[in-house]
Amino acid sequence: MSMIRIVSAEEALPLLSDLSEVLSDCVNGGASLGFMLPFAPQDAVGYWRDVFASVAAGQIILAVAEHEGRVVGTVQVGLAQKPNQPHRGDLMKLLVHRSARGLGLSRKLMAAVETEAARRGRSLLVLDTATGSEAEAIYPRFGWEKVGVIPDYALWPQGGFCDSTFFYKRIG
């Protein structure tokens, strides 16, 4: 059985090992997430500690998907902090471990953070993802609208330029 929940920084800390494994698995699976190969779970610890600090500061919403007693997925919404953007959030790092794909966890994670972002006064979410990736194909199915593509926006984890596709969704 799977469970999706929004977690506080304190609740997230014991999940550090599982979250690091999920991020490492996704990077090693070829996802363009801001990290380069080689990338081991221990390489993710500093990243997650920074996320937890932002969750504690009220700057990030963090959701996790648990299946059979371990975290196998996660997603974040960064809450825009600028005075002229109190209505906006940035969807970040929708991750599902390759061993847990096909269980509908991406859809459930997205629904959870969209609901929580709306509860926190957000009405618009934006995201970017690697053009041509598996991830790019799922967002339209979740009601997201494609805005466009920026060429050579980032690098693939193994190297080489990666275009990025941008999406938005009105929520709430």
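Only one of VAL75, VAL71, VAL64, VAL27 is closer than 25 Å to GLY132 by Cβ, open to solvent by less than 30 Å² (accessible area, probe 1.4 Å) and either of a type in the set (Lys, Arg) or in a strand (DSSP E or B) (or both). Can you tell me which?
Exactly one of VAL75, VAL71, VAL64, VAL27 is closer than 25 Å to GLY132 by Cβ, open to solvent by less than 30 Å² (accessible area, probe 1.4 Å) and either of a type in the set (Lys, Arg) or in a strand (DSSP E or B) (or both), namely VAL75.
Could you list all residues from segment 113-124 that are over 12 Å from ARG88 (Cα atoms) and surrounded by fewer than 19 Cβ atoms within 10 Å (Cβ to Cβ)?
Hits for segment 113-124 are THR115, GLU116, ARG119.
Within segment 130-150, work out how many residues are in contact (Cβ under 8 Å) with a residue 40 or more places away in the chain and of a type in the set (S, T, N, Q).
Number satisfying all stated conditions: 1.
Hey, among ALA80, ALA63, which residue is closer than 22 Å to GLY172 by Cβ and modelled with pLDDT under 95?
The conditions single out ALA80.
Return only the number of the condition from (1) within 19 Å of SER32 (Cα to Cα); (2) of a type outside the set (A, V, I, L, M); (3) touching a strand residue (DSSP E or B) at 6+ places or on another chain (Cβ under 9 Å); (4) open to solvent by 40 Å² or more (accessible area, probe 1.4 Å) that CYS162 does not satisfy.
Condition not satisfied by CYS162: (4).
Which residues, taken from segment 50-79, are more than 19 Å from MET1 (Cβ to Cβ), of a type outside the set (A, V, I, L, M, F, W, C) and under 12 Å from the mean Cα position of the chain (by Cα)?
GLN76, GLY78
When residues of segment 125-152 are filtered for being within 20 Å of SER24 (Cα to Cα), of a type in the set (S, T, N, Q) and either open to solvent by 30 Å² or more (accessible area, probe 1.4 Å) or not in a strand (DSSP E or B) (or both), how many remain?
Adding up the residues that qualify gives 1.
Do you know which residues across segment 139-161 are within 21 Å of THR74 (Cα to Cα) and touching a Leu at 6+ places or on another chain (Cβ under 8 Å)?
Hits for segment 139-161 are TYR139, TRP144, PRO157.
Contact list please: Cβ distance under 7 Å, first residue in segment 156-172 and more than 12 Å from ALA130 (Cα to Cα), second residue open to solvent by 40 Å² or more (accessible area, probe 1.4 Å) and of a type in the set (Asp, Glu), pairs at least six apart or on different chains.
TYR168/GLU145; LYS169/GLU145
Taking segment 1-27, which residues are touching a residue at least 60 places away in the same chain (Cβ under 8 Å) and β-branched (Val, Ile, Thr)?
If the condition is that a residue be touching a residue at least 60 places away in the same chain (Cβ under 8 Å) and β-branched (Val, Ile, Thr), then ILE4, ILE6, VAL22, VAL27 are the ones that fit.
The values are calculated or read from the model by the stated rules, or taken from the named source; none is laboratory data. Quantities reported herein were computed from a predicted structural model and do not represent experimental measurements. Cβ: placed from backbone, ideal geometry, glycine included. Neighbour counts: every protein chain shown. These accessible areas exclude ligands, DNA and RNA; they are computed on the full protein's heavy atoms, side chains included. Shrake-Rupley method; radii C 1.70, N 1.55, O 1.52, S 1.80 Å.
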